[in-house]
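Asker: Got a structure for you, written out below as structure tokens; questions coming shortly.
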Amino acid sequence: MKNVLLILSVIGIIANYSCTTQDMALDRSNMDTSVKPGDDFYIYANGGWLKNNPLPGEFSRYGAFDKLGEDNQKMVRTLIEEAAAKPGENGSIAYKVGTYYKTGMDTLKIDEQGITPLNEDLAKIQGAKTIDDIQDLISEWHTGSNPVLFYLYGAPDRKNSEMVIANLYQGGLGLTDVNYYRDQDPKAKEIRETYVKYIAQMMGLAGESQEKAAADADLIMKMETRLANASMTRLERRDPHATYNKMTLAGLETMSPNFNWDGYLKELGLPGLEEINVGQPEFFKEVSTMMNDLPVDNWKVYLKWNLVNQAAPLLSSDLVDAHFDFYGKYLSGRKVNRPRWKRVVNSEDYALGEAIGEMFVEKHFPPEAKERMLDLVSNLKLALGDRINTLEWMSEPTKEEALKKLEAMNVKIGYPDEWRDYSDLEVKNDSYYKNVRRAAHFNFLYDVNKIGKPVDPNEWGMTPQTVNAYYSPSRNEIVFPAGILQPPFFYLDADDAVNYGAIGVVIGHEMSHGFDDQGRQYDKDGNLRDWWTSDDADKFTKRAQVLIDQFDQYNVLDTTKASGELTIGENIADLGGLNISYTALQKAWEKNPPEKEINGFTPEQRFFLAYSHVWAQNITDKEILRRTKEDVHSLGRFRVNGPLPNLQAFYDAFSIPENSKMYIPVKDRAIIW
Ligand SMILES: [Zn+2]
């Protein structure tokens with residue numbers, strides 16, 4: 001959740017390689033050469049892969065990215081199992097890593113315990129008599145990272161990026177997007193009806209009679225709909241100014257008078273907080289109104305529902321299955337739940353992420369990989385600098401500022417310089433659920449302790465074993481965890497065309513986030529400050545609109561269209577990443593000229609094929625619809641066929657004629673960075 005707010009990541013996937021020789025990267029059997037490259041490049045590059053890698057039942061989307069993610073999970077499991085085999089003393093890292101895993105895998109005990117790990121909290125809800133009691137419980141749960149109703153977290157102040165400030169952010173919904181509560185189309189209505197049935201089912205599993213469970217489900221839907229109607233949509237939240245509303249505690253109390261903010265902040269260990277950023281003021285006004293006009297009994301139902309729904313994946317199999325049936329099967333189209341070990345490894349990645357990361361790096365990240373990456377990043381930086389210098393549409397004063405921002409962009413590769421200290425994290429043999437809650441509490445304290453202090457420049461927003469990368473606008477930095485620096489994204493020994501097409505574009509993608517529709521609003525120091533001339537800002541917006549209009553035309557499924565507006569930041573980053581990496585590749589070739597052809601492909605062709613293989617993916621129809629509503633990234637098909645026809649080099653590489661389906665006339669192409 002927090003990472004989603006703070007960073008802009010790339011979700012990459014790549015073809016199914018089991019061998020590290022460079023030509024596996026462009027295995028012809030992954031392609032479908034019966035399709036012309038200019039008609040559907042995604043299928044031309046990936047048609048064979050899509051046929052040969054049918055969607056496994058546990059996935060709603062499966063691409064080579066997910067394959068690498070799976071490989072990484074297996075490596076992490078091995079590390080955890082090794083720790084579990086030699087746990088050492090109680091309290092050692094190996095003991096914590098091993099014990100957490102053992103409690104998570106002990107399904108006999110978990111099933112036997114059923115819902116009883118929640119008993120203490122259920123009794124507290126039962127005992128609540130007043131609205132004050134309700135608010136006390138909300139405050140208490142927030143310290144255990146059971147963030148019911150809304151979120152509080154620390155992050156760099158967007159207008160004073162050296163300091164960490166407390167942020168309040170909307171939440172409180174069981175469906176994963178506010179539009180599910182608002183939309184009036186038949187699909188949205190069906191989702192709401194199914195959700196209400198699911199709530200009733202879960203309340204039944206928590207011991208309620210059928211009548212009571214059904215009545216509670218209706219009540220939850222009404223309460224969440226009120227919250228959803230006061231929430232900002234994903235599109236509205238893309239404007240960093242709209243979610244920046246810094247105020248004093250007195251200001252917050254005036255705006256949202258029926259919630260005991262003073263008591264809440266004291267409980268969280270933040271007494272005397274001078275200022276706080278309120279992401280969505282209207283939401284917190286509605287929370288206050290609801291505290292006043294809803295009876296205590298309604299809030300008791302609401303808390304119980306949240307407790308049960310959040311805990312369900314960690315409890316006995318009846319609750320796990322019901323939760324999966326709704327979120328996994330119904331909303332995403334997955335057929336079966338992931339094997340238990342994968343779920344526990346994921347949970348442990350959150351609980352003890354850097355402890356595992358330290359083991360991971362030692363075993364799986366050679367120092368040469370870091371050197372090669374540093375080299376790539378510096379070439380990409382030079383290339384973007386050249387491109388900014390020669391941009392036709394931008395005036396000199398804005399170029400100067402852009403170049404300063406690029407120059408100041410920090411780079412982190414592999415793993416943090418200083419590892420987190422896990423001595424205060426308690427891991428016990430008593431229950432998996434309790435271990436997860438203790439880890440959440442530990443992470444909460446870590447987070448909240450940063451508030452009011454200077455930003456720690458060494459901190460990472462992802463663990464080293466993560467297969468992903470990100471740009472942080474407040475820190476003006478790009479970060480590449482060790483997890484993504486492996487084949488097939490990154491080969492120590494491959495030809496430049498392949499590395500620049502895969503990891504090179506990922507680097508360029510993250511750099512471009514510093515200059516996308518959101519990132520460009522932050523300056524070189526990570527502050528929200530307008531450094532653009534108004535004329536250049538207008539030109540940027542017009543150019544971005546060309547890309548929005550292009551994506552708005554793409555059909556994702558039947559008559560459902562892609563959302564150009566929701567995905568514009570990521571699409572700018574993909575287009576920028578391709579342009580920057582391609583420019584950098586030309587520079588690399590000046591020093592080391594490429595071979596004319598490898599495996600029948602020119603170096604230019606290899607660049608575009610390597611890029612496209614990254615996005616090969618099979619996906620369920622439900623997941624297509626869900627992501628089109630919720631994901632700021634375009635679907636794999638459009639990450640290929642969307643940006644490519646804007647690049648002249650793409651047409652040249654494959655001699656694509658003007659009458660091709662993908663062809664876009666020069667005057668209609670999007671060129672931003
Ligand atoms: Zn991105």
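The values are calculated or read from the model by the stated rules, or taken from the named source; none is laboratory data. Please read these numbers as outputs of a predicted model, since none were measured by experiment. FYI the Cβ positions are ideal-geometry reconstructions off the backbone, even for glycines, and counts take in every protein chain you see. All accessible areas refer to the heavy atoms of the entire protein, side chains included, with ligands and DNA or RNA removed. Shrake-Rupley method; radii C 1.70, N 1.55, O 1.52, S 1.80 Å.
Asker: What are the aspartates and glutamates whose alpha-carbon lies under 20 Å from the alpha-carbon of Lys222, with same-chain residues fewer than 8 places away excluded?
Answerer: Once the sequence-local aspartates and glutamates are set aside, what remains near Lys222 is Asp177, Asp183, Asp185, Glu190, Glu193, Glu208, Glu211, Glu282, Glu286, Asp293, Asp297.
Asker: Starting at the first residue of segment 328-335, write each ³J(HN,Hα) from the Karplus equation 6.51 cos²θ - 1.76 cosθ + 1.60 with θ = phi - 60°, in whole Hz, x for Gly and Pro.
Answerer: Those phi angles translate into x, 7, 5, 7, 10, x, 6, 8 Hz.
Asker: Something else: For segment 128-138, take each phi angle, set θ = phi - 60°, evaluate the Karplus expression 6.51 cos²θ - 1.76 cosθ + 1.60, and give the result in whole Hz per residue in order, putting x for glycine and proline.
Answerer: With the stated coefficients, segment 128-138 comes to 5, 10, 10, 4, 4, 4, 4, 5, 4, 5, 4 Hz.
Asker: Could you please state how large a percent of the accessible area of segment 80-174 is carbon and sulfur, counting protein chains only and using a 1.4 Å probe?
Answerer: Heavy-atom surface of segment 80-174 belonging to carbon and sulfur, 1.4 Å probe: 50 percent.
Asker: Another question about this same structure. Cα axis of helix 621-630 to longest principal axis of the chain: angle in degrees, 0 to 90, nearest 10?
Answerer: 80
Asker: For segment 487-592, restrict the atom set to alpha-carbon positions and state the Rg and Dmax in Å.
Answerer: When restricted to the Cα atoms of segment 487-592, Rg and Dmax are 16.5, 49 Å.
Asker: Show that you can apply the helix-only estimate: for the chain, add -39,500 (n - 2.57) for every DSSP H stretch of four or more residues, divide by all residues, and state [θ] at 222 nm to the nearest 500.
Answerer: Using -39500 (n - 2.57) per qualifying helix, the result is -16000 deg cm²/dmol.
Asker: Around Glu82, with a cut-off of 15 angstrom between Cβ atoms, what is the net charge of the other residues, counting Lys and Arg +1 and Asp and Glu -1?
Answerer: So the surrounding residues net to +2.
Asker: Moving to a separate point now. With every protein chain kept in the model, how would you rank Asp523, Asp262, Asp424, Asp40 by accessible area, 1.4 Å probe, largest at the top?
Answerer: Final ranking, largest accessible area leading: Asp424, Asp262, Asp40, Asp523.
Asker: How far is helix 534-552 tilted, in degrees, relative to the longest principal axis of the Cα atoms in the chain, given as a value from 0 to 90 rounded to the nearest 10?
Answerer: Tilt relative to the chain: about 90 degrees.
Asker: Let me cross-check Val632: its accessible surface, 1.4 Å probe, with only protein heavy atoms counted, in Å² to the nearest 10?
Answerer: About 50 Å², ignoring ligands and nucleic acids.
Asker: Just to confirm, what accessible area per residue do you get for the chain at 1.4 Å probe, in whole Å²?
Answerer: I get 40 Å² per residue for this part.
Asker: Taking amide H positions as placed in the peptide plane 1.01 Å from N, state which residues far from Gly414 in sequence (5 or more) or on other chains have amide H under 5 Å from it.
Answerer: Phe480, Ala482
Asker: Separate question: Only bridges whose two residues both fall in the chain count here: according to DSSP, what percent of them are antiparallel, nearest 5?
Answerer: 75
Asker: Using modelled backbone amide H atoms (1.01 Å from N, in-plane), which distant-in-sequence or interchain residues come within less than 5 Å of Glu477's amide H?
Answerer: Placed amide hydrogens put Asn410, Ser472 under 5 Å from Glu477.
Asker: Shifting gears a bit: Filter the cross-link list Lys412/Lys591; Lys542/Lys667; Lys187/Lys212; Lys96/Lys370 down to pairs whose alpha-carbon distance in this structure exceeds 22 Å.
Answerer: Correct reply: Lys412/Lys591; Lys187/Lys212; Lys96/Lys370.
Asker: Can you tell me the 0 to 90 degree angle between the C-alpha axis of helix 568-591 and the longest principal axis of the chain, rounded to 10?
Answerer: 40
Asker: For the pairs Lys404/Lys661; Lys36/Lys67; Lys561/Lys596, flag any whose C-alpha to C-alpha distance is greater than 31 Å.
Answerer: Over 31 Å apart, Cα to Cα: Lys404/Lys661; Lys561/Lys596.
Asker: Okay, moving on. With all protein chains present, calculate the accessible area of Thr567 using a 1.4 Å probe and round the result to the nearest 10 Å².
Answerer: 10
Asker: Another question about this same structure. What list of whole percents do you get for P(r) of the chain, with Cα-Cα distances grouped in 20 Å bins up to the one holding the largest distance?
Answerer: P(r) over the chain, rounded to whole percents: 17, 52, 29, 2.
Asker: Estimate the FRET efficiency between His241 and Lys428 by the formula 1/(1 + (r/R0)^6), using the beta-carbon distance for r and 41 Å for R0, to the nearest 0.05.
Answerer: 0.35
Asker: Sticking with this structure for a sec: Which whole-number percent is the relative contact order of the chain (Cα, under 8 Å, 6+ apart)?
Answerer: With pairs under 8 Å counted, the relative contact order is 23 percent.
Asker: I want the local charge near Glu595. Using Cβ-Cβ distances under 11 Å, sum +1 for each Lys or Arg and -1 for each Asp or Glu among the other residues.
Answerer: Cβ neighbours under 11 Å give a net charge of -1.
Asker: Amide H to amide H, which residues 5 or more places from Tyr62 or on other chains are under 5 Å from it, using H placed in the peptide plane?
Answerer: Amide H neighbours of Tyr62, under 5 Å, 5+ apart: Asn618, Ile619.
Asker: Another question about this same structure. For a 24 Å ceiling on Cα separation, which of these pairs sit above it: Lys450/Lys629; Lys405/Lys539; Lys109/Lys342?
Answerer: Cα-Cα > 24 Å for Lys450/Lys629; rest within.
Asker: Out of the total accessible area of segment 239-295 (probe 1.4 Å, heavy atoms of protein only), what percent is carbon and sulfur?
Answerer: In segment 239-295, the share of accessible area belonging to carbon and sulfur is 49 percent.
Asker: Ok, one more. Which order do the peptides 199-208, 405-414 come out in when sorted by mean C-beta neighbours inside 10 angstrom, highest first?
Answerer: So the order, starting with the most tightly packed, is 199-208, 405-414.
Asker: Can you work out the PRE-style zone for Val546? Point 7 Å along Cα to Cβ, and I want the residues of segment 639-662 with backbone N under 20 Å.
Answerer: Taking a point 7 Å out along Cα→Cβ of Val546, the residues of segment 639-662 whose backbone N falls under 20 Å are 639-653, 656-662.
Asker: How large a share of the accessible area of segment 328-452, in percent, is made up of carbon and sulfur atoms when the probe is 1.4 Å and the other protein chains stay in place?
Answerer: 49
Asker: Just subtract the alpha-carbon distance of Asp538 and Gln586 from 0.36 nm times their residue separation and send over the number in nm, one decimal.
Answerer: Full extension of this stretch gives 14.2 nm more.
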